[in-house]
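The values are calculated or read from the model by the stated rules, or taken from the named source; none is laboratory data. Since the model is a prediction, treat every value here as computed from it, not as a measurement. Quick reminder, even Gly has a Cβ in these numbers, built from the backbone with ideal geometry, and neighbours come from all protein chains shown.
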Amino acid sequence: MNIDVDSFKNLSDYDNILVTDENGMIIFYDLADLSVLKVLGFRPEEFMGKHVTTFYRDLTLENSTVMRVLKTGVAVCNVKQELVNKNGDPIISVNSTYPLIEDEKIIGTIEFSKHFFTKENIQSLEKYAEHKIFRKNNTIYTIDNLITANARMEAIKSKIAKIAKTGSTVLLYGRTGTGKEVVAQAIHNLSDRYEKPFISLNCGAIPPTLLESTLFGTTKGSFTGAEDTAGLFEQADGGTLFLDEINSLDMVLQVKLLKAIEEKTIRRVGGNKNIRVDIRVISATNEDPDMLVQEKRLREDLFYRLGIVQIDLPNLEERQEDIEILLDYYIRFYNNNMNMYMESVHPDVLLCFKRYAWPGNIRELKNAIETAYNNASSNQITLDDIPRRIRNYAVAPISENTVSKGLTLKDAVDEFEKGMIVSELKLTNGKLAETARRLGLSKQSLKYKMDKYQLR
């Protein structure tokens with residue numbers, strides 16, 4: 001068997017591989033990230049043994065690149081196709097299709113493809129990794145995704161490269177959107193565990209009553225409806241378990257977590273035997289760990305065990321030199337993966353971005369650029385395209401009254417923080433979830449600060 005490779009060019013740019021037999025029936029399919037497959041409206045088992053024309057409403061024997069190559073024996077390269085999937089959503093792809101030839105007879109095809117996204121399904125890009133090989137271990141980021149020219153962040157990147165080779169626990173501290181998940185995945189992918197799974201859990205997103213079984217698994221019959229189920233510790237065996245918002249764990253579960261990390265064994269809920277696990281634990285919090293310990297919301301012994309290495313991530317506001325770099329990075333990202341292209345950004349947008357405080361940090365910056373792509377009516381991002389809260393933002397000056405009060409820096413910062421919270425509560429009519437989102441805080445953190453300033 002031989003493959004016509006005369007026109008093979010830049011195949012590393014493609015994400016997916018499809019192989020068919022001589023009748024156009026699929027005999028092999030590999031998609032680097034199954035989450036993208038789900039977004040496209042398909043399931044893996046739907047592909048095998050099916051004809052290539054069955055997955056899109058408007059794909060026919062006449063316009064299928066696979067069927068054309070089977071008929072002519074001539075490769076077709078970089079063909080753009082705009083099709084409609086079974087859910088009625090538009091799908092744009094670029095395909096290169098080649099005949100598979102044995103004894104001068106066409107026995108099938110191999111097609112390489114890359115999907116692009118429209119304004120309507122731009123959210124699909126969230127899990128669309130540049131580093132295709134790492135998608136196999138549940139990650140989408142490497143250290144290359146820590147985009148920076150900031151000296152402090154460069155030092156953090158150097159530290160990540162160093163500690164990745166050890167098995168020590170790591171505690172990440174940073175505000176919402178500062179890149180804790182990116183750092184955690186970067187550590188995993190630089191470590192010797194990179195071929196094993198990276199399992200991530202936001203502890204604040206799981207009801208407390210389910211957290212124990214989620215982490216440690218269950219034994220059949222231990223409670224009504226319980227089955228033998230592996231928890232995240234077992235699922236991450238050999239790899240890395242990333243626990244975000246670690247301060248959301250109640251004290252009882254913190255004790256069990258400490259025991260599991262120290263002894264490297266777990267016991268399923270309702271089980272009677274210990275199960276050994278080989279994992280690295282990386283945890284994260286968006287609140288100062290020292291303050292959490294002081295306020296007895298994080299056990300001191302657990303803090304010491306989790307924080308063998310601690311990395312404090314700076315806010316985007318402290319990384320002014322990175323704003324323009326990140327803006328360029330995300331524009332290239334969306335230009336490469338969407339069916340639209342932005343040629344430039346109006347200078348006023350950059351000035352506005354540098355003036356803004358970015359309470360949601362890098363995540364908020366990325367979302368602002370995504371908003372601009374949805375709003376843009378030309379090939380230049382303008383002020384009209386970015387979110388209104390950013391466009392209308394003005395840095396609140398420190399008043400002479402504040403200075404004349406003779407306040408310490410800490411008291412002045414507290415007064416300013418309290419004022420921001422009061423202002424946002426008024427704008428949202430007291431809606432805590434919306435206020436927390438606008439301030440870049442978790443709802444739990446907002447409640448804590450409201451209690452601190454006696455705002456409820």
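Of the residues that make up the range 217-226, is at least one aromatic (Phe, Trp, Tyr) and surrounded by fewer than 20 Cβ atoms within 10 Å (Cβ to Cβ)?
Quick first cut of the range 217-226, residues aromatic (Phe, Trp, Tyr) only: 223.
Narrowing further to those that are surrounded by fewer than 20 Cβ atoms within 10 Å (Cβ to Cβ): 223.
Yes, there is a match, as at least one residue in the range 217-226 is aromatic (Phe, Trp, Tyr) and surrounded by fewer than 20 Cβ atoms within 10 Å (Cβ to Cβ).
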In the range 350-370, residues that are out of contact with any helix residue (DSSP H, G or I) (no Cβ under 7 Å at 6 or more places or on another chain), without any contact (Cβ under 8 Å) to a residue 24 or more places away in the chain and surrounded by 14 or more Cβ atoms within 10 Å (Cβ to Cβ) total 1
Testing Val269 on (1) more than 21 Å from Phe134 (Cα to Cα); (2) of a type in the set (A, V, I, L, M, F, W, C); (3) surrounded by 23 or more Cβ atoms within 10 Å (Cβ to Cβ); (4) touching a strand residue (DSSP E or B) at 6+ places or on another chain (Cβ under 6 Å), one condition comes back false. Which one is that? (3)
Residue, surrounded by the fewest Cβ atoms within 10 Å (Cβ to Cβ), within the range 241-258, restricted to residues that are over 21 Å from the mean Cα position of the chain (by Cα) and in a loop (DSSP other than H, G, I, E, B): Asp250
Filter the range 50-68 for residues that are without any contact (Cβ under 8 Å) to a residue 40 or more places away in the chain and part of a loop (DSSP other than H, G, I, E, B) and give the result. Lys50, Phe55, Arg57, Asp58, Leu59, Thr60, Leu61, Glu62, Asn63
Consider the range 406-421. How many of its residues are within 31 Å of the chain's Cα centre (by Cα) and of a type outside the set (D, E, K, R)? 2
Given (1) under 21 Å from Lys449 (Cβ atoms); (2) over 28 Å from the mean Cα position of the chain (by Cα); (3) modelled with pLDDT of 90 or more, index of the condition Trp358 fails: (2)
Test each condition in (1) touching a Leu at 6+ places or on another chain (Cβ under 6 Å); (2) under 28 Å from Lys366 (Cα atoms) for Leu146 and report the one that comes out false. (1)
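Quick check on my filter: what residues within the range 338-372 are of a type in the set (S, T, N, Q) and touching a strand residue (DSSP E or B) at 6+ places or on another chain (Cβ under 6 Å)? Break it down stepwise before answering.
In the first step, residues of the range 338-372 are kept if they are of a type in the set (S, T, N, Q); the result is 339, 344, 361, 367, 371.
Hits for the range 338-372 are Asn339, Ser344.
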Report the residue count in the range 193-221 for those that are touching a helix residue (DSSP H, G or I) at 6+ places or on another chain (Cβ under 9 Å) and part of a loop (DSSP other than H, G, I, E, B). 7
Exclusive hit being within 25 Å of the chain's Cα centre (by Cα) and among the aliphatic types (A, V, I, L, M), set Ile91, Ile110: Ile91
Being modelled with pLDDT under 85, out of contact with any Asp or Glu (no Cβ under 6 Å at 6 or more places or on another chain) and assigned to a helix (DSSP H, G or I), is that true of even one residue in the range 380-401? yes
Can you work out which of the residues in the range 211-240 that are modelled with pLDDT of 90 or more and among the aliphatic types (A, V, I, L, M) is farthest from the chain's Cα centre (by Cα)? Ala230
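May I ask you to list the residues in the range 133-191 that are of a type in the set (S, T, N, Q) and part of a helix (DSSP H, G or I)? Walk me through it before giving the result.
Within the range 133-191, the subset of a type in the set (S, T, N, Q) is 137-139, 142, 145, 148, 150, 158, 166, 168-169, 176, 178, 185, 189, 191.
Across the range 133-191, the qualifying residues are Asn137, Asn145, Ser158, Gln185, Asn189.
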Scan the range 413-429 and report the pairs whose first residue is under 17 Å from Arg389 (Cα atoms) and whose second residue is hydrophobic (A, V, I, L, M, F, W, C) and outside any loop (DSSP other than H, G, I, E, B), with Cβ atoms within less than 6 Å and a gap of 6+ or a chain change. Glu424/Leu439
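Within the range 314-322, can one find any residue that is without any contact (Cβ under 8 Å) to a residue 24 or more places away in the chain, surrounded by fewer than 15 Cβ atoms within 10 Å (Cβ to Cβ) and assigned to a helix (DSSP H, G or I)? Let's see the steps before the verdict.
To start, the set of residues in the range 314-322 that are without any contact (Cβ under 8 Å) to a residue 24 or more places away in the chain comprises none.
Looking for residues that are without any contact (Cβ under 8 Å) to a residue 24 or more places away in the chain, surrounded by fewer than 15 Cβ atoms within 10 Å (Cβ to Cβ) and assigned to a helix (DSSP H, G or I), one finds none in the range 314-322, hence no.
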Could you tell me whether Leu292 is within 30 Å of Tyr356 (Cα to Cα), assigned to a helix (DSSP H, G or I) and more than 21 Å from the chain's Cα centre (by Cα)? yes
Among residues of the range 85-115, those that are acidic (Asp, Glu) and touching a strand residue (DSSP E or B) at 6+ places or on another chain (Cβ under 8 Å), counted: 2
Looking at the range 438-447, which of its residues are crowded, with 16+ Cβ neighbours inside 10 Å and free of Cβ contacts under 8 Å to residues at least 40 places away in the same chain? Leu446
In the range 337-349, the residues that are surrounded by 14 or more Cβ atoms within 10 Å (Cβ to Cβ) and part of a helix (DSSP H, G or I): Asn337, Val349
Does Thr60 fit the bill of being touching a helix residue (DSSP H, G or I) at 6+ places or on another chain (Cβ under 9 Å) and buried (at least 19 other Cβ atoms within 10 Å of the Cβ)? no
